[in-house]
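What follows is a single structure, written as structure tokens, with notes after it.
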Amino acid sequence: MNRRDFLKISAALGAGGTLPTLLGGCATQPLPGSGQVSTTPTVCNMCFWQCAATLNQEDGRPWKVVGHPDDPHCDGRLCTRGTGGIGAYEDRDRLRQPLLRVNEGGQQRFKPVSWDAAFDFIVRRMNETGERYGKDRLALFSHGGGGDHFHRLLQAFGSHAYAHPSFAQCRGPREIGFGLTYGEGVGSPDRTDMANSRCIVLIGSHIGENLHNSQVQTMIRALDQGATLITVDPRFSVAASKSAHWLPIKPGTDMALLLAWMNVLINEGLYDHDYVARYCTGLEQLTAHVQPFNPEWAYLETGIEPTVIRATARAMAQAAPATLVHPGRHVTWYGDDTQRSRAIAILNALLGSWGRPGGFYRQEKVELPPFPGPKPPKPASDWKTVVQADFPLVGTGISNQLVEHSIGDDAFIKGWFVYATNLPMTLPGMTDKIKAAAESLELMVVVDTMPAEITGYADVVLPECTYLERYDDLRNKPERTPTLALRMPAFEPRHQSKPAWWMAKQLGERLGLGRYFPWHDYTFVLDWQLKQVGSSLAEMQRLGVKRFARKTQPYFAEGEAVRFNTPSGRIELYASLLADTGHDPLPRYTPPERPPQGFYHLNYGRAPAHTFGRTINNPQLFELMPENSIWVHPSAAALHRLSSGDYVRLENPDGKRSNRVRVRVTERIRPDSVFIVHGFGHTDDRQRLARGVGADDAALMHNVKIDPIMGGTGMRASFVTLIKSGGVS
Ligand code: SF4
């Protein structure tokens, strides 16, 4: 067992930088002067939408980053966060050199070491762990493309356990829910055809606040063309403000509304009879199932008037099939999330929108072959049957389950690689478990550009260079137009930072696994791949973005025979796989828990200036939004004697308290709820801007509901109260 003290990377290890100012310290220029302007293609990494962009420099100094006009992800325009890319490059608090945990005189601390020393340590620990427990006991947590290089490394070593928190803490329920219904998920970017929608239904969505670029642009286009927007949210969100109908639903009752909408569509005969007869199975069971759930029943659960439920169902039917009931993106809420996503999938099937203009289109990507190399060895055991045996319908890693199976001397997982994901602020209410896992693990390697809470538990911290300083894999996402985009370095890596592909290759060679990295430099891989599809690295360095012709049609043809990848080959309104695995084959409503007296539903969301906690310390974006605030209804504010601008601490029913956070009194939130933007409340000293500002919602989540089908963490079932705070942080 390795007891690890939580280590804050001291400012002394990273300070003394060349960037002089806290704010406005970036060397961005308002306009180019008479200097030499040069451009470099890149792909924005400020969130995971991956918009293609161009980095402009003047006389070798960063000037600005702008959207690529040929790119369908951004249509030539970056969002607020995307324009902050230079801030990430210039952040004075970046990780600068490899760090190794050492114990000197009974005190643990991080010591700056050479890359060789860091790699030697990791290789020694990997080999010792492999000899002692087996080579299949390492796990990878990653968010972002660079993680694929470590995935290759661990697979070559013999470990296949990996997880992206973007599954179990975000999109997983909809991918499983839609997969059970249509035989395939929604994908990312989402295959939503909003530009052609005549009616869009958003349920608890962050669109407009979480700026997934092309989604927001297409939604605005649809609204300009007269589409009807229906927004279901306890909060008057940005999207709600653009809506024909805002349904301020009681938190946790969305399933009741969805069942009532199905009830109306079926009982009023408003569903797409031809589409359902041609493509679906299970209408009979669904019809019987939804009979009790009429709008009058739903009113008592949701607080939404029966007339509104009927009117909105009819509006959806009137615009169908160009009606999109949006599947959402961050959909891990109450633990019944796969079932709620199933209900959304079913509603879309009744409206005939899957495969139709204005609903969901068929995606296509470029057929880019992988670089030739040996197949990784088969792991000694099937980690999924050990780590997530209770979730047989899930084919990918469930991050919270991997943590659970890393705790204790007899845990299956013995070592972690953590790439670009700050687990304590990502996995709700799991800081103590992450700490317990850190005490049990034989090795923890953290790879990132910035220090964060997770780096405090690492044995080794490896500084990655930012996206403006590196090549990465080609962006090749399934979408409407198959498109490749190139990210290439505009600058030499600052300090001693390095790209992920270089780190993985170096480790592979030291482990005797060099044959899995059969190239000298990653440009060789990119050029080889591009040549297989009639392009080249030289061409992409010039173009940045290249579009390819589609090979399939984006929509179903009239009367087309379609075989869906489900057991029946049809759209399954009644999910046979759920029945086979002991789950409800039709979505069932479970009333949510209500907050204790004096407590409120804790709702959280996004803001246009930040991506989770990753960008808070970015000097450009910090200037735009330096702290979060807690939205409080005037009735709750009166009860707690609060005014806008006061500071409070949030306290959950277990007595856990947040940092102080500023109050915003507003009628835009229900009286039984509060709302906060996620990502603030950092505790790591080395993030000198972000540390201590605002409150962290994830740390307050005391009532995390595990989805019984996909294992993810439902994060909207927690409660907080408001404790008036003085001026001290
Ligand atoms: Fe960058 Fe914004 Fe695109 Fe995300 S949506 S990749 S932050 S420009």
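The values are calculated or read from the model by the stated rules, or taken from the named source; none is laboratory data. Note that this is a predicted model, so its numbers are computed, not measured. As a convention, Cβ positions derive from the backbone with ideal geometry for all residues, glycine included, and neighbour counts pool all protein chains shown.
Evaluated against (1) over 18 Å from Thr253 (Cβ atoms); (2) away from the ligand (no atom under 16 Å from the Cβ), Asp584 falls short on exactly one condition, (1). When we screen Leu257, Leu270 for residues that are touching a residue at least 40 places away in the same chain (Cβ under 8 Å) and assigned to a helix (DSSP H, G or I), the only hit is Leu257.
Let's see how each residue does on (1) assigned to a helix (DSSP H, G or I); (2) under 29 Å from Pro248 (Cβ atoms); (3) within 22 Å of the chain's Cα centre (by Cα); (4) of a type outside the set (Asp, Glu):
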position: Gly655; (1), (2), (3), (4): no, no, no, yes
position: Arg660; (1), (2), (3), (4): no, yes, no, yes
position: Arg664; (1), (2), (3), (4): no, yes, no, yes
position: Ile676; (1), (2), (3), (4): no, yes, yes, yes
position: Asp685; (1), (2), (3), (4): no, no, no, no
position: Arg688; (1), (2), (3), (4): no, no, no, yes
position: Asp696; (1), (2), (3), (4): no, yes, yes, no
position: Ala699; (1), (2), (3), (4): yes, yes, yes, yes
position: His702; (1), (2), (3), (4): no, yes, yes, yes
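Pick from Ser237, Ser243: which is in contact with a Ser or Thr (Cβ under 6 Å, 6 or more places away or on another chain) and surrounded by 20 or more Cβ atoms within 10 Å (Cβ to Cβ)? Exactly one of Ser237, Ser243 is in contact with a Ser or Thr (Cβ under 6 Å, 6 or more places away or on another chain) and surrounded by 20 or more Cβ atoms within 10 Å (Cβ to Cβ), namely Ser243. One residue stands out among those in region 447-501 that are assigned to a loop (DSSP other than H, G, I, E, B) and aliphatic (A, V, I, L, M): the one that is surrounded by the fewest Cβ atoms within 10 Å (Cβ to Cβ), which is Met488. In the set Thr449, Thr455, only one residue is among the β-branched types (Val, Ile, Thr) and in contact with a helix residue (DSSP H, G or I) (Cβ under 9 Å, 6 or more places away or on another chain); that residue is Thr449.
Taking the condition within 11 Å of the ligand (Cβ to nearest atom) and touching a residue at least 60 places away in the same chain (Cβ under 8 Å), does Gly134 pass? If you could, list the steps in order and put the result at the bottom.
Values: within 11 Å of the ligand (Cβ to nearest atom): no; touching a residue at least 60 places away in the same chain (Cβ under 8 Å): yes.
Considered against the rule, which asks whether it is within 11 Å of the ligand (Cβ to nearest atom) and touching a residue at least 60 places away in the same chain (Cβ under 8 Å), Gly134 comes out as no.
Residues of region 213-229 that are closer than 20 Å to Thr83 by Cβ and away from the ligand (no atom under 16 Å from the Cβ): none at all.
Residues checked against (1) modelled with pLDDT under 95; (2) within 25 Å of the chain's Cα centre (by Cα):
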residue: Phe371; (1), (2): no, no
residue: Trp383; (1), (2): yes, yes
residue: Gln388; (1), (2): yes, yes
residue: Ile398; (1), (2): no, yes
residue: Leu402; (1), (2): no, yes
residue: His405; (1), (2): no, yes
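Please count how many residues of region 351-410 are outside any loop (DSSP other than H, G, I, E, B), closer than 30 Å to Glu558 by Cβ and in contact with a Lys or Arg (Cβ under 6 Å, 6 or more places away or on another chain). If you could, list the steps in order and put the result at the bottom.
Within region 351-410, the subset outside any loop (DSSP other than H, G, I, E, B) is 351, 354, 360, 364, 383-387, 399-404.
Adding the requirement that they be closer than 30 Å to Glu558 by Cβ leaves 351, 354, 360, 364.
Filter again for in contact with a Lys or Arg (Cβ under 6 Å, 6 or more places away or on another chain), leaving 360, 364.
Number satisfying all stated conditions: 2.
Of all the criteria given as (1) closer than 28 Å to Pro392 by Cα; (2) surrounded by fewer than 24 Cβ atoms within 10 Å (Cβ to Cβ); (3) touching a strand residue (DSSP E or B) at 6+ places or on another chain (Cβ under 9 Å); (4) not β-branched (Val, Ile, Thr), the one not satisfied by Ala163 is (2).
The set of residues from region 129-148 being touching a Gly at 6+ places or on another chain (Cβ under 9 Å), outside any loop (DSSP other than H, G, I, E, B) and buried (at least 22 other Cβ atoms within 10 Å of the Cβ) comprises Leu138, Ala139, Leu140, Phe141.
Residues that are more than 13 Å from the ligand (Cβ to nearest atom) and in a loop (DSSP other than H, G, I, E, B) within region 197-212 comprise Ser197, Arg198, Gly204, Ser205, listed in sequence order.
Of the residues Ser166, Ser159, which is polar (S, T, N, Q) and not in a loop (DSSP other than H, G, I, E, B)?
Working: Ser159 fails: not in a loop (DSSP other than H, G, I, E, B).
Of the residues listed, the single one that is polar (S, T, N, Q) and not in a loop (DSSP other than H, G, I, E, B) is Ser166.
On inspection, Ile249 qualifies as at pLDDT 95 or above, assigned to a loop (DSSP other than H, G, I, E, B) and aliphatic (A, V, I, L, M).
Taken over region 44-66, the residue count meeting the criterion of being without any contact (Cβ under 8 Å) to a residue 60 or more places away in the chain and surrounded by fewer than 21 Cβ atoms within 10 Å (Cβ to Cβ) is 7. Quick check on region 252-272. Is at least one of its residues within 16 Å of the ligand (Cβ to nearest atom) and out of contact with any Lys or Arg (no Cβ under 8 Å at 6 or more places or on another chain)? For region 252-272, residues within 16 Å of the ligand (Cβ to nearest atom) and out of contact with any Lys or Arg (no Cβ under 8 Å at 6 or more places or on another chain): absent. For region 201-221, a residue qualifies if it is out of contact with any Lys or Arg (no Cβ under 6 Å at 6 or more places or on another chain), under 17 Å from Pro189 (Cα atoms) and not hydrophobic (A, V, I, L, M, F, W, C), and the qualifying residues are Ser205, Gly208, His212, Asn213, Ser214, Gln215, Gln217, Thr218.
Hey, can you tell me all the residues within region 479-512 that are of a type outside the set (A, V, I, L, M, F, W, C) and touching a strand residue (DSSP E or B) at 6+ places or on another chain (Cβ under 6 Å)?
Scanning region 479-512 gives Thr481, Pro482, Thr483, Arg487, Ser497.
For region 274-306, the tally of residues that are farther than 16 Å from Tyr574 by Cβ and out of contact with any helix residue (DSSP H, G or I) (no Cβ under 8 Å at 6 or more places or on another chain) stands at 5. Taking the conditions (1) at pLDDT 95 or above; (2) assigned to a strand (DSSP E or B); (3) of a type outside the set (Phe, Trp, Tyr) in turn, Lys724 satisfies each one other than (1). In the set (1) buried (at least 24 other Cβ atoms within 10 Å of the Cβ); (2) more than 25 Å from Tyr467 (Cα to Cα), Thr426 fails one condition alone, (2).
Out of Ser166, Ser241, Ser237, one residue alone is hydroxyl-bearing (Ser, Thr, Tyr), within 16 Å of the ligand (Cβ to nearest atom) and out of contact with any Leu (no Cβ under 6 Å at 6 or more places or on another chain). It is Ser166.
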